[in-house]
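Q: I'd like to ask you about the structure that follows.
Where a number appears in this text, it was derived from the coordinates with a stated rule and is not lab data. Nothing here was measured: the structure is a model prediction, and the numbers come from that model. Don't worry about glycine lacking a Cβ; one is built from the backbone with ideal geometry, like all the others, and counts go over all protein chains shown.
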Amino acid sequence: MKRILSALAACALAASCATALSIPSQRERLTRQIADDAVAFNEAYAQAVSAQILLNVLRSRDRLPRHYLAMTGISDSPSWTYNQSVGVGSIPLGEGGSPWGFGSAEASRETARRPSYAVQPFDAPTLTRTAFEPTEPYVFAHYWRSGWPRDLLMLVMVEAIEKTDAEGRVQVFTNEANTIFQDCGPQVDTLGCAYVREMRDFMVSTDARPPESGFDAHGRALCGIVEAYAPTTPVRHQAPAPGVDCDPVFPIGSTLVRLRLRSLDDMIYYVGELMRAGAMAPGARGAIEAQVSVRAAGLRGGGRGVPLFRILPRGAAENGIYAAEVEYGGARYVAGPAIGRSCGAETSDGVCRDVANEGDRSSSVLSLIAEILALNQSPDSIRAPSRLIAE
């Protein structure tokens, strides 16, 4: 009997130790699994949205119809498969005694997982609101005030600049991509380049000095004020009329600058149209580049500028991380490489060297359009990816 009790105690102790050791192990595995799944779903969702934008940019370059799909949440509900086995062992009880037997059971579990998601066209009201209506002024104001490169915002989001001088004379400069060539150098005289030059003058006026209040309770009422720069006469905010969205307005000295905003579809078509001119004469590495430049990301003083958008055939691209990759017309294209935020390589004396290629803005353009795509949709259309674990 002592041997029986000793064996049972040993088995109980071993089982308790195994259970105690397995609980933290299961918890750690579950934690890693959830973390890995969350990262994988995040990457898949980001690539799906960015690839859709890049695909429509390429379609716009070739003047083909653009199509927009909604991607709802990613759901991963594991299904369990159990395998069980039973064994019978025995413990001898000494001389002359009959073996005393006991049973043991083992179970193993296998997990079968396949994430499910839905990709479907927008319904008509959502498509109109998401792609074809002008961007809300508060969206532009958010990006304008939150540290985004303002020259990029002025090119992608703004359709026209309307200037009104002190005598009431109005000039309109339209942002026409199909008449923007060679970064609007002095020798280029087109409607689109007139806008680019006016935009660059506007950037100098707003960057050279901080915005001032300029607001007075009894000043001239303006709807849609974003910022004022030393206005010659005081101005004040005016609430918009019901159902009316006011364009962003900038009182600069005696001039009133009003910005007319694009729709999301217009933004994508604009970038594609800029690439169309660039596709006629690709760079040395086979890059398709927009015909207008913005200040390079992270370079001191803005550097000498880089194309607003750059697309590379996969074969010509360097190894690395890209914001978007898509197959189009039998070839694969990438855009938006990961870039250094400060400078490129160091010189022989250890000083950082500003290299324009290190300031590629393509990922910023993709990010901007993707965020506006999400902001323009209803909350039901952009549900967060979900993870359901059923024990």
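Q: About its Cα centre, how strong a charge dipole does the stretch 136-262 have in debye, to the nearest 20, once Lys and Arg get +1 and Asp and Glu get -1 at the Cβ?
A: For the stretch 136-262, the charge dipole is close to 200 debye.
Q: Subtract the Cα-Cα distance of residue 244 and residue 208 from 0.36 nm times their separation in residues, and report this length gain in nm to one decimal.
A: Gain on extension, residue 244 to residue 208, equals 9.7 nm.
Q: Turning to a different aspect of this structure: Taking the beta-carbon count within 10 Å as an exposure proxy, list 151, 216 from fewest neighbours to most.
A: 216, 151
Q: Under a plain spin-label model, where a point goes 7 Å from the Cα along Cα-to-Cβ, how far apart in nm are residue 145 and residue 63?
A: Going from the residue 145 label point to the residue 63 one covers 4.2 nm.
Q: Using R₀ = 41 Å, calculate the FRET efficiency as 1/(1 + (r/R₀)^6) where r is the Cβ-Cβ separation of residue 221 and residue 44; round to 0.05.
A: 0.25
Q: If you restrict to DSSP beta bridges whose two residues both lie in the stretch 136-262, what percentage is antiparallel, to the nearest 5?
A: 75 percent
Q: Among 171, 233, 205, pick out the residue whose Cα is farthest towards the positive end of the charge dipole of the stretch 136-262, where Lys and Arg carry +1 and Asp and Glu carry -1 on C-beta, about the Cα centre.
A: 233
Q: Based on the Cβ-Cβ distance from residue 230 to residue 183, what FRET efficiency comes out when R0 is 30 Å, to the nearest 0.05?
A: That gives a FRET efficiency of 0.50.
Q: I would also like to ask the following. In Å, what is the Rg of the alpha-carbon atoms in the stretch 136-262, and how long is Dmax?
A: 14.8, 47
Q: Provide the gained length on full extension for the span residue 332 to residue 120, in nm with one decimal, where the gain is 0.36 nm per separating residue minus the Cα-Cα distance.
A: Net length gain for the segment: 74.0 nm.
Q: Calculate the FRET efficiency for residue 26 and residue 237 from the Cβ-Cβ distance with a Förster distance of 51 Å, rounded to the nearest 0.05.
A: The formula returns an efficiency of 0.30 here.
Q: Per 0.36 nm of contour for each residue apart, how much would the distance between residue 36 and residue 260 grow if the chain were fully extended, relative to their Cα-Cα spacing?
A: Here the answer is 76.3 nm.
Q: Here is a further query. How would 371, 273 line up from fewest to most surrounding beta-carbon atoms within 10 angstrom?
A: Placing the least packed residue first, the sequence is 371, 273.
Q: Excluding residue 224 itself, what net charge comes from residues whose Cβ is under 10 Å from its Cβ, given Lys and Arg +1 and Asp and Glu -1?
A: -1
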